[in-house]
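The values are calculated or read from the model by the stated rules, or taken from the named source; none is laboratory data. Predicted, not measured: the structure shown is a model, and the values here were computed from it. With ideal geometry, Cβ positions are generated from the backbone for all residues, glycine too; neighbour counts draw on all protein chains shown. Heavy atoms of the whole protein, side chains included, go into the accessibility calculation; ligands, DNA and RNA do not. Shrake-Rupley method; radii C 1.70, N 1.55, O 1.52, S 1.80 Å.
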Amino acid sequence: MRFEVEYTPQQESFRKEVNTWLEAHVPKDMGFPVDAKDLTSEDYQKRRKLGRDLGQKGWLWPTAPTKYGGGGLSIDHDMILEEEMERRGLSLPPYYDSGGTLGGASILVWGSEEQKEHFLPQIFRGEVRTWQLLTEPGAGSDLAGVQTKAIRDGDEYVINGQKVFVGSNHGAEWSWMIAVTNPDGERHRNLSWLIVPMDLPGISVVPMDLLTTGGEGGAGTGVKNTVFFDNVRVPAFNLIGGENNGWRVASTHLELEHGGGGAIRRNTLVERLFAYCKATEREGQPMSKDPEVRRLLVEVFMEAELSRLFGLRNYWLAHARKPRSYEGSQSSYFRKESSLRIAERILDILGPYALTNDEERGILNGAFELHQRGAIVGLHPGGTTDIQRVIMARRIGIGRSTREEAGELA
Ligand SMILES: Cc1cc2nc3c(=O)[nH]c(=O)nc-3n(C[C@H](O)[C@H](O)[C@H](O)COP(=O)(O)OP(=O)(O)OC[C@H]3O[C@@H](n4cnc5c(N)ncnc54)[C@H](O)[C@@H]3O)c2cc1C
């Protein structure tokens, strides 16, 4: 069976149109830092402008409904757009925005018509960028244990509490979050899901001093922050899916964040590793001719290829609106563990040079050093590997009499 996608002449003609447009709109002087935390404000603003321009064309969130500001395009169009952005070292969108992938998807499932018409076009056209505010100092894997409170007062909710690990370094116009709306309520039935404008009085954002995971094209989450809420008043209109129904709303974005949405991106670092080993000589011959290096490169290739195929399968399941169960967690678990195995092999191939971003000795401006760091940090966000195992066990029916169902999706 062939898994590779083949494109029709019409699709190739769309690719041409995309390329002509990107040629005219991607700034020639845009910087591409290796580590997302080094993205300058100037380069960030260039990415935001590119995002708004893409949004105007319906190419920022190509498959989102046109009625709500998306492109209403097919997944083939989406794949072509993503491939052409990737060829330029960019992602779609060209910055981290969990509002489009996760928050927007939750509003689509749970928002009222009025809420969809108000919030979604601003997200899908790139006019606002959003962060996700879920984790708290005492509630990470046990997300239902959050303590931040949003208590109704007239037409508003008053928020008090603290969220941690919030990306990223250039701020966001909105955030979406879960908070306790009924402090006396039963666990899982005491929470609500809200959209919060980040310029409201009482919000303060303090950077956390942590390892960063970077991200190709400066699209990664970069710096992490603690966000404090001190009597922040949010309009009641911003509560999505009904009061105390937030855990069900969260089931939508958690399913997607745990891998249920799939991915079509290739592992470009692996491709750069192959190119480096072919071009670099060690003991009088290209590194790739050394049998041991070659063995390790083949293993790296297999890891990256399997991850890609899991991502592609889930991308197809999502867009074909097929039922899902354990597949998201399976893909997330495999990708994270596989990234560690790839990092180990890269270290075996490159030796200590894989561990430095020193100007003289760091390889590819420190891209491999960032990967070594990121592979460890990357086990944690979006549900740790332990949590993906727990979810898989529940969904394939191990240790429970009834199989757990996947989160609620559009
Ligand atoms: C790079 C990065 C980016 C992030 N971005 C965001 C963000 O934008 N927004 C946001 O809200 N949060 C974000 N997070 C937070 C992330 O979601 C949490 O770190 C994660 O959910 C784990 O929570 P915790 O750190 O509190 O660890 P804990 O939940 O305290 O877990 C500690 C350890 O115990 C294990 N463990 C916990 N429960 C179980 C169990 N039932 N069975 C087996 N093992 C278990 C975990 O796997 C982990 O190894 C980010 C984290 C990182 C590292």
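Worth a mention:
- Close contacts from the range 30-44, counting a first residue that is under 19 Å from Asn357 (Cα atoms) and part of a loop (DSSP other than H, G, I, E, B) and a second that is among the β-branched types (Val, Ile, Thr) and open to solvent by 20 Å² or more (accessible area, probe 1.4 Å), with Cβ to Cβ under 8 Å and a gap of 6+ residues or different chains, come to Gly31/Thr40; Pro33/Thr40.
- Qualifying residue in the range 243-263 (condition: within 26 Å of Leu364 (Cα to Cα) and either crowded, with 21+ Cβ neighbours inside 10 Å or at pLDDT 95 or above (or both)): no
- Options Glu303, Glu281, Glu292, Glu299; residue that is within 25 Å of Arg87 (Cβ to Cβ) and in the same structural domain as Asp348 (by TED's automatic domain parsing): Glu303
- Only residues that are among the aliphatic types (A, V, I, L, M) and farther than 21 Å from Gly378 by Cβ were counted in the range 305-332, giving 3.
- Of all the listed residues (Ile391, Ile363), the sole one being open to solvent by less than 40 Å² (accessible area, probe 1.4 Å), under 19 Å from Arg345 (Cβ atoms) and either modelled with pLDDT of 90 or more or touching a Phe, Trp or Tyr at 6+ places or on another chain (Cβ under 9 Å) (or both) is Ile363.
- Selection of first residues in the range 90-118 that are aliphatic (A, V, I, L, M) and of second residues that are surrounded by fewer than 17 Cβ atoms within 10 Å (Cβ to Cβ), restricted to Cβ pairs under 8 Å at least 6 apart or on distinct chains, gives the following pairs, ordered by first then second residue: Ala105/Ala410; Leu108/Pro65; Leu108/Ala410; Val109/Glu408; Val109/Ala410.
- Close pairs from the range 150-178: first within 23 Å of Asp35 (Cα to Cα), partner among the aromatic types (Phe, Trp, Tyr), Cβ under 7 Å, at least 6 apart: Val166/Trp131; Gly167/Tyr96; Gly167/Trp131; Ser168/Tyr96; His170/Tyr44; Ala172/Trp131
- Selection from the range 114-153 of residues that are buried (at least 21 other Cβ atoms within 10 Å of the Cβ) and more than 10 Å from the ligand (Cβ to nearest atom): Phe119, Leu120, Ile123, Phe124, Arg125, Gly126, Arg129, Thr130, Thr148, Ala150
- Val196 open to solvent by 20 Å² or more (accessible area, probe 1.4 Å) and in a strand (DSSP E or B): no
- Condition met for His188 (at pLDDT below 95, more than 22 Å from Leu120 (Cβ to Cβ) and not aliphatic (A, V, I, L, M)): no
- With respect to the conditions (1) part of a helix (DSSP H, G or I); (2) open to solvent by 30 Å² or more (accessible area, probe 1.4 Å), Leu81 lacks only one, and its number is (2).
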